[in-house]
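Notes follow once the structure below has been shown.
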Amino acid sequence: MNAHAFAPETHYIQSEPYYEPLGEEIGIFEAAYRNTLPILLKGPTGCGKTRFMEYMAWRLKRPLITVSCHDDLTASDLVGRYLVKGGETVWVDGPLTRAVRVGGICYLDEIVEARKDAMVVIHPLADDRRALPMEKLGQLLEASDEFCLAISYNPGYQSVLKDLKQSTRQRFVALAFDYPAPELEARIVASESGVDGALAETLVKFAHMTRNLKGSGLDEGASTRLLVHAAKLIASGVSPVTACQSAVAQAVTDDPDMLAAIQELSTSLF
Amino acid sequence: MTAPRTRAEIEALLDVWLETEFTFHRVNDIADSLAGLDRAAQDFILDWVRRIATTHITLAHRFAEQSPDLLRRMDRRAIEAWAVHLCDVYDQAGMYAALDIVAKAGDFTQHRHEHAAGALFEDSAPILGNFVHGLSGRPLKVEQGETAYTDGERIVLPGIVAALASRTDNFKLTKAMVALLWAQTRFGSLRPDIGSVCANYADPIRALAQFHGLETLRLTARLARELPGLHRDMVRLGREIGDRLAEGWADLAAQLDADSEVVDSLALLDTAYALSDFIPFCYQGALNPEAVAAARAGRLEKEKTRLRVKLAKMAEEQNRRAPVQEAGPKKEPRLAAQADEGQGRLDFDLTLDDLPVAPPDEVKQLLTSIFLDFGEIPPEYLVPAGDGEYDPMPYQDQPLDPDAVWQGPYHEQGALFYPEWDMGRQHYRKNWCVMREKEVVPVYDGFPRLTLEKYSGLVKQLRRRFEAMRDENRLLKRQAQGDEVDIDALVEALADARDGSEMSDRLFMQMHRAERNIAVAFMVDMSGSTKGWINEAEREALLLLCEALERLGDRYAIYGFSGITRKRCELFRIKTFDENYSEAVKARIAGIAPQEYTRMGFAIRHLSKLLTDIEAGTKVLITLSDGRPDDYFDGYRGPYGIEDTRMALLEAQRAGIHPFCITIDQEARDYLPHMYGAARYVILNDVAQLPAKVADIYRRLTH
């Protein structure tokens, strides 16, 4: 079977993504969208931010363009640049420009990782101007009401270098995400992976144990995503302890003592 | 295989190491028994005799006497751990305590199995420490002691657990002990005042043992529900060791299930007291009511005050956010906390005036700890502290005044401890150096101004050179990828293409944003030998260096080190990493004065720790020194000091720090390559060069 290729701005999400609301985030997002306000998603990794964006894109029936930011991502990577084709220079839109042109949802994942100029280029889009200046083209691209800008940010990184500046964060409606409450998290794990409820509950308990270790050796505990991974392995016949070790412990740390400790936690539970 | 050593050979070796000529230790019998062993065993024992002898000869002699017996009972790993433990006890508690350990050699392993492969504390502790943090509740520290018990804040484990034959099983047993001790704090065994309850019985000690038995049964049932996997192991280990219930106890066990609380155990104590003695389970450890009471007494008031102060702050913040709606008399904020247990979690729902608030982590931790003490959050704990009670100072763990520590017991209060490498023992001496950070007394005598005038030409030159090193944004041309098209490159490439030659694909320009991301710690020798010219040169060098570094923007710290004996290792703060280069810093540089001796290991270890906490791409530790490591009286000289310093530098390198040494000791070529490595030092021929050279060396080093 061949993989499908899409132009990102034409990629509509067809079927409803599985999403369990944690609170009122769907209502808030919709209200913000109607009022053309940009949105900031805060929360630890793997707690459902990206899934939420997919769900909202499906609900609002807009194409979703996701950019995973990295430390080399510059403003040109977002806006666009001239390339050379057959001896001519040709302008090529970046993902942000594409999203503005078609009125899609542009989701900048882990925005703090990007370079400062990339962060600043979204400022005019994120306030009531709602316009994207394209300096190299000498144009100003005005966004339609359908366009929506969303960024995500993980406040758990305790780094002074990777903090969101006030001038950036104060333009956004912020939605705080956290790991779901235990019962809900167990339901999510069970329905995403197909394991039974009791096993999902034990996995959630295990996740809480690793989250207790945050700050005393782990940067972050096991996310819901990792639990789903572990549960899927278990559903395919891998033993629970092995699944926890491969899908969770090895994913959160390299430290041998910590790996051994997490192993001891999982063997205590299963 | 090499032939065993003969009796005479062994005796000769022991004569030398144990200095029998002076000490009159008898070695004939030892040599006799060692001669009967194979070569590997002989070498193993003799090596340890030699190593212990560098610590204390009598200790080595007693070890040698015990060794054949030890070899029969323990595996070599265990003997090694025991020998290290022996030296540690000698270091910390002296000769009598160490000899006591030798006398009780049998207890160390509970010798149930010959050559038992025990689980050593030093191997299990890092794993089980994290394990117990992962379980909910108060974060318990894992420490080494003689028996396994908990005081509610620490879990103490013996040096080795060797009740079973295999190492895996012994580790599992240790883990079961830890889990049960954790369960004691988590599920309320330590809440009642056991001491006074037991005092009501004719034989309080027996009552305590029976209560301990009841609690072990109750908690085992609780663990079966909370940690079923572990419970399976506990049952298996118990069966292997032969744990069984004494007559009549099966009934009690049936009454204590996963939902029982400590009151249920207390209610059964009368019945249990009448029964025969509870036979201790292999994983139950000891119950130590005095230790529990002592830890609790120190904790209760402190946590109450801390919580109330924190709550007051939270309430205040909440008020600020929600503007006051109705005017009227100021109301006391109403707080309520409800524990939310289940799924192995312990969480709290905190409400302020009936509105839920998310407690910060520190509040959550306090609530957890208080809940463990009382089983609820007592209402008086939920009253935010009033205005007059705002001073939480007496209830916080404060760093003590470094100069006041001489009043404390054993001269160690408020200090940091660092290990030291003992080359003779081939092992660390734990918590050996008692280190304190002190501040250099600033001197405002115009020294900085005079120095900068004296070297004004050089300062200008240095500033210029360092400014040139600042890595600024550069436009890189002819890149394969980039933000903009490089027109020059494009024109050239098109011309090439017309020409028929190959067209380059490097047609873009890219902004290169390199940031110098260097943190450097300077460790300055403040020993007595620097008095005079050297001290002056050091101070001048530091000033010039600061002037240059300010241009560069690297983060830097300056510390002076000195000390006399391991009990007084001192590190003098001159400039910390987050401090600005201010008049105060200049005055402290001016105030650098020669102190005592040159003990280096602790200073390297402490500065490495400071550097590790800093976020930087490159970390450098530069030592300015005038001679080899040397300290007064306690053996820190010659090879011992050099080996410890070398070890500290190796540790630093392992932590990703680049050490470098600048010295004026002309003999340094003898030991510096061994300590720092061939290319990691510079020897200056003349003290007068120091000020001019240091900044320059730094420049070359980090370019």
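The values are calculated or read from the model by the stated rules, or taken from the named source; none is laboratory data. For clarity, every value in this text was computed on a predicted model and none was experimentally measured. Every residue, glycine as well, gets a Cβ built from its backbone with ideal geometry; the counts of neighbours run over all protein chains shown.
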* Give, as residue ranges, the strands (runs of 3 or more DSSP E) completely inside region A:1-119 that count at least 2 residues that are surrounded by fewer than 21 Cβ atoms within 10 Å (Cβ to Cβ) and within 14 Å of chain B (Cβ to nearest Cβ). => A:80-85, A:88-93
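Matching residues to (1) over 15 Å from residue A:172 (Cα atoms); (2) at pLDDT 90 or above; (3) touching an Asp or Glu at 6+ places or on another chain (Cβ under 6 Å):
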site: A:63; (1), (2), (3): yes, yes, yes
site: A:67; (1), (2), (3): yes, yes, no
site: A:120; (1), (2), (3): no, no, no
site: A:124; (1), (2), (3): no, yes, no
site: A:130; (1), (2), (3): no, yes, no
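Confirm whether residue B:635 is surrounded by fewer than 21 Cβ atoms within 10 Å (Cβ to Cβ) and farther than 30 Å from residue B:450 by Cβ.
On the way: surrounded by fewer than 21 Cβ atoms within 10 Å (Cβ to Cβ): yes; farther than 30 Å from residue B:450 by Cβ: yes.
It is true that residue B:635 is surrounded by fewer than 21 Cβ atoms within 10 Å (Cβ to Cβ) and farther than 30 Å from residue B:450 by Cβ.
Run down B:477, B:460 and say which single residue is under 26 Å from residue B:688 (Cα atoms), modelled with pLDDT of 80 or more and either assigned by TED's automatic domain parsing to the domain that holds residue B:648 or surrounded by fewer than 18 Cβ atoms within 10 Å (Cβ to Cβ) (or both).
Working: B:477 fails: under 26 Å from residue B:688 (Cα atoms).
One residue alone meets the criteria, B:460.
Are there helices (runs of 4 or more DSSP H) fully within region B:131-245 with at least 1 residues that are within 12 Å of chain A (Cβ to nearest Cβ) and either more than 28 Å from residue B:348 (Cβ to Cβ) or under 34 Å from the mean Cα position of the chain (by Cα) (or both)? List them. I'd like the intermediate steps shown before the answer.
Details: elements: B:167-186, B:194-199, B:204-226, B:228-241.
Fully inside region B:131-245 and qualifying: B:167-186, B:204-226, B:228-241.
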* What single numbered condition from (1) within 18 Å of the chain's Cα centre (by Cα); (2) surrounded by 20 or more Cβ atoms within 10 Å (Cβ to Cβ); (3) away from chain B (no Cβ under 12 Å) fails to hold for residue A:222? -> (3)
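In region A:26-45, is there at least one residue being in the same structural domain as residue A:67 (by TED's automatic domain parsing), more than 21 Å from residue A:144 (Cα to Cα) and free of Cβ contacts under 8 Å to residues at least 60 places away in the same chain?
Applying the first criterion (in the same structural domain as residue A:67 (by TED's automatic domain parsing)) to region A:26-45 yields A:26-45.
After this cut, where a residue has to be more than 21 Å from residue A:144 (Cα to Cα) as well, the list is A:26-27, A:41-45.
Filter again for free of Cβ contacts under 8 Å to residues at least 60 places away in the same chain, leaving A:26-27.
Taking every residue of region A:26-45 in turn, at least one turns out to be in the same structural domain as residue A:67 (by TED's automatic domain parsing), more than 21 Å from residue A:144 (Cα to Cα) and free of Cβ contacts under 8 Å to residues at least 60 places away in the same chain.
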* What number of residues in region B:598-622 are in contact (Cβ under 8 Å) with a residue 12 or more places away in the chain and not in a loop (DSSP other than H, G, I, E, B)? -> 17
* Out of (1) modelled with pLDDT under 85; (2) in a helix (DSSP H, G or I), what's the single condition that is false for residue B:566? -> (2)
* To do: Test residue A:235 against the criterion of being more than 12 Å from every other protein chain (Cβ to nearest Cβ), surrounded by 19 or more Cβ atoms within 10 Å (Cβ to Cβ) and not acidic (Asp, Glu), and give yes or no.
  => no
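Each row is one residue, and each column tells you yes or no for (1) among the hydrophobic types (A, V, I, L, M, F, W, C); (2) assigned by TED's automatic domain parsing to the domain that holds residue B:422; (3) surrounded by 18 or more Cβ atoms within 10 Å (Cβ to Cβ); (4) within 25 Å of residue B:537 (Cβ to Cβ).
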position: B:626; (1), (2), (3), (4): no, no, yes, yes
position: B:629; (1), (2), (3), (4): no, no, yes, yes
position: B:644; (1), (2), (3), (4): no, no, yes, no
position: B:649; (1), (2), (3), (4): yes, no, yes, yes
position: B:655; (1), (2), (3), (4): yes, no, no, no
position: B:664; (1), (2), (3), (4): yes, no, yes, yes
position: B:667; (1), (2), (3), (4): no, no, no, yes
position: B:674; (1), (2), (3), (4): no, no, no, no
position: B:691; (1), (2), (3), (4): no, no, yes, yes
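Within the bounds of region A:160-183, is there any residue that is part of a helix (DSSP H, G or I) and crowded, with 22+ Cβ neighbours inside 10 Å? Full working, then the answer.
Going residue by residue through region A:160-183, those that are part of a helix (DSSP H, G or I) are A:160-162, A:166-169, A:182-183.
Then keep just the ones that are crowded, with 22+ Cβ neighbours inside 10 Å; that gives none.
No: region A:160-183 contains no residue that is part of a helix (DSSP H, G or I) and crowded, with 22+ Cβ neighbours inside 10 Å.
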* Asked: Which of (1) surrounded by 20 or more Cβ atoms within 10 Å (Cβ to Cβ); (2) facing chain B (nearest Cβ under 10 Å) is the odd one out, the single condition residue A:228 does not satisfy?
  -> (2)
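Can you go through B:568, B:599, B:588 and tell me which one is more than 21 Å from residue B:459 (Cβ to Cβ), out of contact with any Phe, Trp or Tyr (no Cβ under 8 Å at 6 or more places or on another chain) and among the basic types (Lys, Arg)? Don't jump to the end; show me each part of the working.
Values: B:599 fails: out of contact with any Phe, Trp or Tyr (no Cβ under 8 Å at 6 or more places or on another chain); B:588 fails: more than 21 Å from residue B:459 (Cβ to Cβ).
Going through B:568, B:599, B:588 in turn, just one is more than 21 Å from residue B:459 (Cβ to Cβ), out of contact with any Phe, Trp or Tyr (no Cβ under 8 Å at 6 or more places or on another chain) and among the basic types (Lys, Arg): B:568.
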* Structure fact -> When region A:187-214 is checked residue by residue, the ones that are more than 8 Å from chain B (Cβ to nearest Cβ), under 25 Å from residue B:131 (Cα atoms) and in a helix (DSSP H, G or I) are A:189, A:198, A:199, A:200, A:202, A:203, A:206, A:207, A:211
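Criterion first (acidic (Asp, Glu) and over 25 Å from residue B:259 (Cα atoms)) does residue B:169 satisfy it?
Details: acidic (Asp, Glu): yes; over 25 Å from residue B:259 (Cα atoms): yes.
Considered against the rule, which asks whether it is acidic (Asp, Glu) and over 25 Å from residue B:259 (Cα atoms), residue B:169 comes out as yes.
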* Failed item in (1) modelled with pLDDT of 80 or more; (2) away from chain A (no Cβ under 14 Å), with residue B:497 passing the rest -> (2)
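Restricting region B:660-684 to residues that are part of a loop (DSSP other than H, G, I, E, B) and more than 29 Å from the chain's Cα centre (by Cα), which is nearest to residue B:535 (Cα to Cα)? Break it down into steps so the answer makes sense when it comes.
We begin by selecting, within region B:660-684, every residue part of a loop (DSSP other than H, G, I, E, B); these are B:664-667, B:671, B:677-680, B:684.
Pick out the ones that are also more than 29 Å from the chain's Cα centre (by Cα) and you get B:664-667, B:671, B:678-679, B:684.
Working: B:664: 12, B:665: 14, B:666: 17, B:667: 19, B:671: 22, B:678: 27, B:679: 26, B:684: 15 Å.
If we take residues in region B:660-684 being part of a loop (DSSP other than H, G, I, E, B) and more than 29 Å from the chain's Cα centre (by Cα), then B:664 is nearest to residue B:535 (Cα to Cα).
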* Structure fact -> Residues in region A:216-239 that are in a loop (DSSP other than H, G, I, E, B) and of a type in the set (A, V, I, L, M) total 2
* Asked: Any idea which residue in region B:53-78 is nearest to residue B:146 (Cα to Cα), counting only those that are within 25 Å of the chain's Cα centre (by Cα) and surrounded by 17 or more Cβ atoms within 10 Å (Cβ to Cβ)?
  -> B:78
* To do: Examine region B:638-659 for a residue that is modelled with pLDDT of 85 or more, touching a Leu at 6+ places or on another chain (Cβ under 8 Å), assigned to a strand (DSSP E or B) and under 23 Å from residue B:422 (Cα atoms), and state whether such a residue exists.
  => yes
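Would you check if residue B:260 is hydroxyl-bearing (Ser, Thr, Tyr) and in contact with an Asp or Glu (Cβ under 6 Å, 6 or more places away or on another chain)? Can you show your working first?
On the way: hydroxyl-bearing (Ser, Thr, Tyr): yes; in contact with an Asp or Glu (Cβ under 6 Å, 6 or more places away or on another chain): no.
Answer is no for this residue.
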* Within region B:440-503, which helices (runs of 4 or more DSSP H) (wholly inside it) include 2 or more residues that are closer than 25 Å to residue B:557 by Cβ and in contact (Cβ under 8 Å) with a residue 12 or more places away in the chain? -> B:447-454, B:456-469
